[in-house]
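Each remark here refers to the structure printed beneath this line.
Where a number appears in this text, it was derived from the coordinates with a stated rule and is not lab data. Because the structure is predicted, anything quoted here is derived from the model rather than measured. FYI the Cβ positions are ideal-geometry reconstructions off the backbone, even for glycines, and counts take in every protein chain you see.
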Amino acid sequence: MGIFCGLCLVLFASDGEHTTLSRYESSEIHMGSRFRVVCYAAETEQLRNALALAFSRIAELDAMLSDYQSNSELNRLSRTAPSDRFVPISSELGEVLRTSRWVSCRSGGAFDVTVGPLTKLWRRARRRKQLPSRARLAQALEAVDFHAVRLGAGSKSARLLRRGMRLDLGGIAKGFAVDEALRCLRANGIQRALVDGGGDIAVGEPPPGRLGWSIAISELDPDEEPQRFLLLRNQAVATSGDARQYVEIGGQRYSHIVDPRTGLGLQHRSRVTVVAASGMLADSMASAVSVLGSQAGVALVNQMPGIETQVATLRLAKLVHRESRGFCRLVDPTEGSASGE
C-alpha cells in the first residue's frame, strides 16, 4: 500500500495551537476494481493504521461477498439452495441482503441479487459473443426471485427457497465496501476522507476550506471530459452504465447490466448517477434506475427522500438528461475539479 502526500494546510484550534493537515492518497485492488482513499490528516502512525484497517476491511468484505471466490460466504450460501432450514450468516451479509430486499421491493424487482444464474449466462455470452439460448434463459429465470430469499430474525440467518439459485451482489457490494472503509477511517480519527471503489464513492467531511468534495459526473461517452460536478459531504454517489462493459451480437448492443425480469442485457444506452446517504443504497439504486429506464427510474427516485438521480440517455442520436427534483441542488456551482483535488 503506497501512501502519497500532497498539499499541506494549517488549521488553528480554539486554544491557539495549530494542526497541519496534509492530503494523502492510497490505493489497492479489491473486488476487481481499484479502491482509492483520499484524506486530509496529520502525518501520524494513527493515519497509517487507519488506512491499513480501511483496506483490510475491503479485503475482508470481498472474501465474504464475492461471487467469483468459490469459498466466499456468499457462494457457500448459494450452494445450500434449495434449503428447508435457515443457515447462519454474518452480520455483514445480513445487512446487504436486507438492504437488497428493500430496494428490490421498492423497484418492483428491477434490482434483484438472485440474478446470479443470468449473470453467469451473460458472462459466457460476452466471452463467446453468442446470445444465450431461449431454453437456458428460461431455465435461469426460474431461479430468479428476490422473494425466495428469506431472512431469519435479526437478519442473522438466511434461507434460499428455489433450486439453482445463485446470489450476485455485484450491484451493491462495492457500495457497502466504501461505506465500511469510510467508517473505519472515521473510527480512527480520519474525518476528512473520500473512498472511491471503481466509481462507487463515499465521502466524509470535506477538505479544509471547502464546502464539499467535488465529484465529476461521468458523461455517457467515457472519453469525454466531465462538464458538471457534484458537491458532496457525508454522502455517497454511484454511477451505473454500459460505457465499458457490453457486447455486440448480431448488430445489437447488450449491456453487462441484466434486467432480472426479462433475463436480457439492457439494450438502451444510459449512464445513471445516484446520490444517497450510503454507498450501498446509491450503488443498488443506480442499478435499479438503469433497469427501469429514465422516466420510471426518475419517477421512483422522486418518491424516495434523501436520494437523487440524473440519467443520461441517447434518443434519436441526441443526448438527453433527466433529473430528479433535487439533483440540481447537489451540483457544484463552481464546477471545480474531481475528488476535491
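Using r as the Cβ-Cβ distance of Arg261 and Leu151, and R0 as 25 Å, what FRET efficiency do you calculate, to the nearest 0.05?
It comes to 0.70.
Quick one: if you stick a label point 7 Å off each Cα along the C-beta vector at Tyr68 and Glu28, how many nm between them?
Taking the simple label geometry, Tyr68 and Glu28 are separated by 1.6 nm.
What distance in nm separates the two pseudo spin-label positions at Glu60 and Leu316, each 7 Å out from Cα along the beta-carbon direction?
The modelled label-to-label distance comes out at 5.5 nm.
If you line up the long axis of helix 173-187 against the longest principal axis of the chain, both from Cα atoms, how many degrees apart are they, to the nearest 10?
Roughly 30 degrees between the two axes.
Among Leu264, Ala138, Leu211, whose Cα lies farthest out toward the positive end of the dipole of the chain, if unit charges sit on the beta carbon of Lys, Arg (+1) and Asp, Glu (-1)?
Ala138
Among (1) 72, 50, 37; (2) 95, 43, 33; (3) 71, 45, 41, which is the computed Cα extents along the principal axes in Å?
Recomputing Cα extents along the principal axes in Å here picks out (1).
Output the peptides 288-294, 112-118 sorted from most to least packed, where packing is the average of other Cβ atoms within 10 Å over each peptide's residues.
112-118, 288-294
Give me the number: length gained by fully extending Arg127 to Glu248, i.e. 0.36 nm times residue separation minus the C-alpha to C-alpha distance, one decimal in nm.
42.5 nm
Going by average Cβ neighbours within 10 Å, how do the peptides 310-322, 169-181 rank, with the highest at the top?
Working: 310-322: 14.8, 169-181: 27.4.
Top to bottom by mean Cβ count within 10 Å: 169-181, 310-322.
Rounding to the nearest 10 and keeping the result within 0 to 90°, find how far the Cα-based axis of helix 279-292 lies from the longest principal axis of the chain.
Helix 279-292 and the main axis of the chain meet at about 40 degrees.
What is the helix-to-structure angle for 45-65, meaning the angle in degrees between its Cα long axis and the longest Cα principal axis of the chain, kept from 0 to 90 and rounded to the nearest 10?
With both axes taken from Cα atoms, the answer is about 0 degrees.
Gap in Å between the Cα centre of the stretch 18-96 and the Cα centre of the stretch 100-114?
Value for the Cα centre distance between the two parts: 23 Å.
Taking the Cα centre of the chain as origin, work out the dipole magnitude from +1 charges on Lys and Arg Cβ and -1 charges on Asp and Glu Cβ, in debye rounded to 20.
Dipole size: approximately 1740 debye.
Figure the gain on full extension for Arg98 and Val331 (residue separation times 0.36 nm, minus the Cα-Cα span) and round it to one decimal in nm.
Extra length available between Arg98 and Val331 comes to 80.8 nm.
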